[in-house]
Structure formats: C-alpha cells, structure tokens
Amino acid sequence: MASDGEKTFTRAEVAKHNTNKDTWLLIHNNVYDVTAFLNEHPGGEEVLIEQAGKDATENFEDVGHSNDAREMMKKYKIGELVASERTSVAQKSEPTWSSDQQNGEESSMKSWLLPLMLCVFATLFYNYFFGSVKQQ
C-alpha cells in the first residue's frame, strides 16, 4: 500500500521516463526520479541511464550499495509502484566484516603458525648441515 498522499505509478508510466533528460528508476517497488543525480552518481551516469524506466532493484542490490547510499535515495523518491504490479526482492544490507572477533584472531594465529614452523625447521636444517662445515 502506498503511504498517505504518496503518488503511485504503473510500470508503463515509469517506462516513459528513460532518457538522460528524464530518468526514473524502480527500486524495491519505489519510483525514483534520479535525473538530478546523474552527474553525481559515483558509478557514472551511464549506469543509471541504462536502467532508466526499468526495475533496477536487482542491479542496485548486486552492486552492494552502502547504508549512506540507501539513505541518500530517499530525497529522489517520487512515489511507489501500484500494488497490482509489485514484486518482492529481498533487500540486502551492507556487509559487516567483524562478525566474530575470536574466530578471526584464532584463524590469524593458525595462518602464521605453519610459516613460523617452516622457518624454524629451515634454520635448524641449514645450521645442522651447513653450519658445522669448516673451511679448509
């Protein structure tokens, strides 16, 4: 359902806005007029123009936009897709790289253990076979 006072559009209406002078996108059943944002888009205006007038939800999510980008989108929202034409696509969130601190430290320790042991072994091997050779 559209929020109170929110304008609704059909896919056919959105499809008419597919030029660099008039660029609308569908993302998560919301309609965005990104014409003013074309020159500011970090990925270049071509990316937006290519998706103009279409449902860009999957491409938007595949790129992995940040929470800041998602927040910035709000000012370009002009309405929603009519209820009868909506689709459901799961919204992805920004990845969190510090999922489990202890496992990270443990795997880091293990990754250094093998090279360290190899260095110790190589040093002992070298000293045993070549360190005791006396020059004549």
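Where a number appears in this text, it was derived from the coordinates with a stated rule and is not lab data. Source: prediction; values computed, not measured. Cβ atoms come from the backbone with ideal geometry, glycine included; neighbour counts cover every protein chain shown.
Taking the Cβ of VAL47 as the centre, find all other residues whose Cβ is under 13 Å away and add up their charges (Lys, Arg: +1; Asp, Glu: -1).
Every neighbour counted, the sum reads -4.
Collect residues whose amide H, placed 1.01 Å from N in the peptide plane, falls under 5 Å from the amide H of LEU81; neighbours closer than 5 in sequence don't count.
Hits under the 5 Å cutoff: PHE9, ASN30, VAL31.
When a/c reaches 1.5 or more, the comparison of a/b and b/c decides; with that in mind, is region 1-43 rounded, prolate or oblate per its Cα gyration tensor?
Prolate, because a/c is 1.5 or more and a/b exceeds b/c.
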